[in-house]
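To start, the structure under review is shown below, and the notes come after it.
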Amino acid sequence: MTPLELADRTVHVDRARRTDVPAIVALLADDVLGRDREAPDLDPYLAAFDAVDADPAHLLAVVRDGDVVAGTVHLTFLPGLSRGGALRLQVEAVRVAASHRGTGLGTAMIGWAVEHGRERGAVLVQLTTDKQRTDARRFYERLGFVASHEGMKLALDQPGA
């Protein structure tokens, strides 16, 4: 576990465990977009957790404040040929529990993720944020991220895709 110092407490980043899945799903659902997207059946999430946890290119992390899962972030390391064969760090599914928002936890989590990527040899950190999440975009820009590219997605589970 890696400690993160916040203004009023120390929390710890830890590799997520299968028993954390219900708390992670609750964080994903506690969101304007997530409440309609996430489902109560944990079986698909447990299967996804098993796949993520078994792949060394992925790290699903949680932040523990005592026994409480206060945040989560999913890191993926992407080797590629561009940029001279550079390793990229993709940051996904960043969530902070409502009880911990405004404490500096999100900033500390992203700082930890960037440093973890640097330690693993990544030369670039990339992420996407939904255009509806204007506060999230301002947050990432405040941390130095630049909206240099336009992201595109194609939902394969939709008719006509």
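Pull out the extension gain between R137 and Q158, defined as 0.36 nm times the separation in residues minus the alpha carbon to alpha carbon distance; nm, one decimal.
Between R137 and Q158, full extension yields an extra 4.9 nm.
For the chain, what does -39500 (n - 2.57) per DSSP helix run (n ≥ 4), summed and divided by total residues, give at 222 nm, in deg cm²/dmol to the nearest 500? List each step's numbers first, then the result.
Values: 6 runs with 53 residues, N = 161.
Calculated mean residue ellipticity at 222 nm is -9000 deg cm²/dmol.
Express the carbon and sulfur contribution to the solvent-accessible surface of the stretch 52-161 as a percent, rounded to the nearest whole number, probe 1.4 angstrom.
That fraction is 54 percent.
With θ taken as phi - 60° and the coefficients 6.51, -1.76 and 1.60, list the Karplus ³J(HN,Hα) couplings across the stretch 20-36 in order, rounded to whole Hz; mark glycine and proline as x.
Taking θ as phi minus 60°, the curve returns 7, 3, x, 5, 5, 4, 4, 5, 5, 7, 7, 6, 4, 7, x, 5, 9 Hz for the stretch 20-36.
Roughly how compact is the chain, stated as its Cα Rg over 2.2 N^0.38 Å to two decimals?
The chain yields a ratio of 1.05.
Check L4: other-chain or 5+ apart residues with amide H under 5 Å from its amide H, H built from backbone geometry?
Correct list: V11, H12, V13.
Using the charge dipole of the chain (Lys, Arg: +1 at Cβ; Asp, Glu: -1 at Cβ; taken about the Cα centre), state which of G106, A57, G151 has its Cα farthest towards the positive end.
In the chain, that residue is G151.
Work the Kirkwood hydrodynamic radius out for the stretch 74-134: mean of 1/r over every pair of different alpha-carbon atoms, inverted, in Å.
On the way: mean 1/r = 0.0784 Å⁻¹.
The answer is 12.8 Å.
Using a probe radius of 1.4 Å on heavy atoms only, what accessible surface per residue do you get for the stretch 23-139? Whole Å² is fine. Present the calculation step by step, with values, prior to reporting the outcome.
Numbers: 6220 Å² over 117 residues.
With all protein chains present, the stretch 23-139 gives 53 Å² per residue.
What residues have an amide H closer than 5 Å to that of F145, excluding those fewer than 5 places away on the same chain, when H is modeled at 1.01 Å from N in the peptide plane?
Placed amide hydrogens put nothing under 5 Å from F145.
I need the phi-derived Karplus couplings for the stretch 144-155: 6.51 cos²θ - 1.76 cosθ + 1.60, θ = phi - 60°, integer Hz, Gly and Pro marked x.
Coupling constants for the stretch 144-155: x, 6, 10, 7, 8, 10, 9, x, 9, 9, 10, 6 Hz.
Run a plain Debye calculation on the stretch 1-52 (Cα atoms as equal point scatterers, no solvent) and give log10 I(q)/I(0) at q = 0.15, 0.18, 0.28 Å⁻¹, rounded to two decimals, same order as the q list.
So the normalised log intensities are -0.54, -0.71, -1.03.
Which order, highest average first, do 38-47, 92-101 follow once you tally other Cβ atoms within 10 Å for each residue and take the mean per peptide? Walk me through the numbers before you get to the answer.
Details: 38-47: 11.2, 92-101: 16.6.
Those peptides, ordered most packed to least, come out 92-101, 38-47.
Using +1 on the beta carbon of Lys and Arg, -1 on that of Asp and Glu, and nothing else charged, what's the dipole of the chain about the Cα centre, debye to 20? The partial results should precede the final answer.
Values: 19 positive and 23 negative charges, 117 e Å.
So the magnitude is around 560 debye.
What percent antiparallel are the DSSP beta bridges of the stretch 24-145, to the nearest 5? All intermediate terms of the calculation are to be shown ahead of the outcome.
Working: 16 of 21 bridges.
Expressed as a percentage, antiparallel bridges in the stretch 24-145 total about 75.
The values are calculated or read from the model by the stated rules, or taken from the named source; none is laboratory data. Computed from a predicted model, the values in this text were never measured in an experiment. So basically every Cβ, Gly included, is an ideal-geometry build from the backbone, and we count neighbours across all protein chains shown. Calculation scope for accessible area: heavy atoms of the full protein, side chains included, ligands and nucleic acids excluded. Shrake-Rupley method; radii C 1.70, N 1.55, O 1.52, S 1.80 Å.
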